[in-house]
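The values are calculated or read from the model by the stated rules, or taken from the named source; none is laboratory data. Remember, predicted model here, so these are calculated numbers, not experimental data. FYI the Cβ positions are ideal-geometry reconstructions off the backbone, even for glycines, and counts take in every protein chain you see. Please note that ligands, DNA and RNA were not included when accessible areas were found on the heavy atoms of the full protein model with its side chains. Shrake-Rupley method; radii C 1.70, N 1.55, O 1.52, S 1.80 Å.
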Amino acid sequence: NMSRELKSRINELEKFAADVAHELKNPLASLKSSNELLAENKIKPHDKKLLFSNIIKDLDRMNRLISDISDYTRTQVEVEQQKFDVFELIEFIKNLQKSFNQNNKKIKILFNSNDTKITVQANMDKLARVFINLIDNATSFSPQQSSILIQQVKDNNKAIIYISDQGCGVNYKLKNKIFERFYSDRHNKDDYHIGLGLSISKKIIESFGGTIELSENKIKNYNGACFKLELPIKA
């Protein structure tokens with residue numbers, strides 16, 4: 001069993017190293033190309049400004065990439081060594097809701113639950129990290145002055161949380177792809193999300209014995225993306 005676990009870890013490290021190398025090559029190739037053009041000194045002043053602008057964007061992307069990779073690897077280790085807390089989920093979500101209500105796009109974060117008290121066992125900081133990732137994503141895809149709904153329901157021994165927005169949504173065919181490391185379907189080149197947030201969130205939720213998925217169920221007036229979290233209720 002130890003041998004199989006070690007082999008699995010080595011394979012995972014090799015794949016992770018290959019993924020990181022692939023992600024770093026793109027901005028490096030762009031920087032190299034820009035540098036070669038500038039070294040030739042045969043371009044117009046307007047094009048020079050454009051190149052410098054692109055260089056800054058590539059450097060920002062690399063900086064964000066390195067920070068996110070460091071954060072990702074640290075989270076992987078922390079998940080394996082984490083301490084679990086027993087806490088009240090409804091109060092936890094309401095506190096997070098308040099912290100998100102002030103945002104530049106004036107998006108309202110709404111919370112709806114028929115329950116008054118639900119106890120779960122998880123790492124509170126890591127669970128907050130998952131909610132932050134999902135709400136940040138929903139906010140970035142949502143139009144100005146729209147709303148994001150967090151809805152909590154209970155199903156036997158599970159607490160189910162839906163996080164729905166009024167944005168452009170995600171193609172359900174990508175329900176597995178979006179949780180892959182470094183996958184991103186963002187088309188805005190100025191958006192520096194590199195596709196690690198959902199992968200980290202999945203790892204965290206599964207460490208609590210729960211699940212996270214893209215839901216097909218659409219809540220009325222919320223036709224954007226809908227993510228479904230399931231957490232075991234602590235008896």
Self-check item: Residues located in region 196-232, provided they are modelled with pLDDT under 90, touching a Ser or Thr at 6+ places or on another chain (Cβ under 7 Å) and outside any helix (DSSP H, G or I)
Solution: 219
Quiz item: Name the pairs whose Cβ atoms lie under 8 Å apart, with the first residue in region 4-24 and free of Cβ contacts under 8 Å to residues at least 60 places away in the same chain, the second open to solvent by less than 90 Å² (accessible area, probe 1.4 Å) and part of a helix (DSSP H, G or I), and 6 or more positions between them or separate chains?
Solution: 20/69; 24/62; 24/65
Practice problem: Filter region 95-121 for residues that are basic (Lys, Arg) and over 24 Å from residue 200 (Cβ atoms) and give the result. | Solution: 106, 108, 117
Quiz item: Which one of the conditions (1) assigned to a loop (DSSP other than H, G, I, E, B); (2) out of contact with any Ser or Thr (no Cβ under 6 Å at 6 or more places or on another chain); (3) closer than 20 Å to residue 212 by Cα; (4) open to solvent by 30 Å² or more (accessible area, probe 1.4 Å) does residue 166 fail to meet, given that it meets all the rest?
Solution: (2)
Practice problem: Scan region 47-54 and give yes if some residue there is open to solvent by less than 60 Å² (accessible area, probe 1.4 Å) and modelled with pLDDT under 85, otherwise no. | Solution: no
Quiz item: Being at pLDDT 80 or above, under 23 Å from the mean Cα position of the chain (by Cα) and closer than 16 Å to residue 195 by Cβ, is that true of even one residue in region 72-84?
Solution: no
Quiz item: Within region 130-149, is there a residue that is open to solvent by 80 Å² or more (accessible area, probe 1.4 Å) and in a strand (DSSP E or B)?
Solution: no
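Condition check ((1) part of a helix (DSSP H, G or I); (2) surrounded by 10 or more Cβ atoms within 10 Å (Cβ to Cβ)) across all residues:
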residue: 3; (1), (2): yes, no
residue: 22; (1), (2): yes, yes
residue: 26; (1), (2): yes, yes
residue: 38; (1), (2): yes, yes
residue: 60; (1), (2): yes, yes
residue: 72; (1), (2): yes, yes
residue: 75; (1), (2): yes, yes
residue: 96; (1), (2): yes, yes
residue: 102; (1), (2): no, no
Practice problem: Considering only region 81-90, state which residues are surrounded by fewer than 13 Cβ atoms within 10 Å (Cβ to Cβ) and touching a residue at least 12 places away in the same chain (Cβ under 8 Å). | Solution: 83, 86
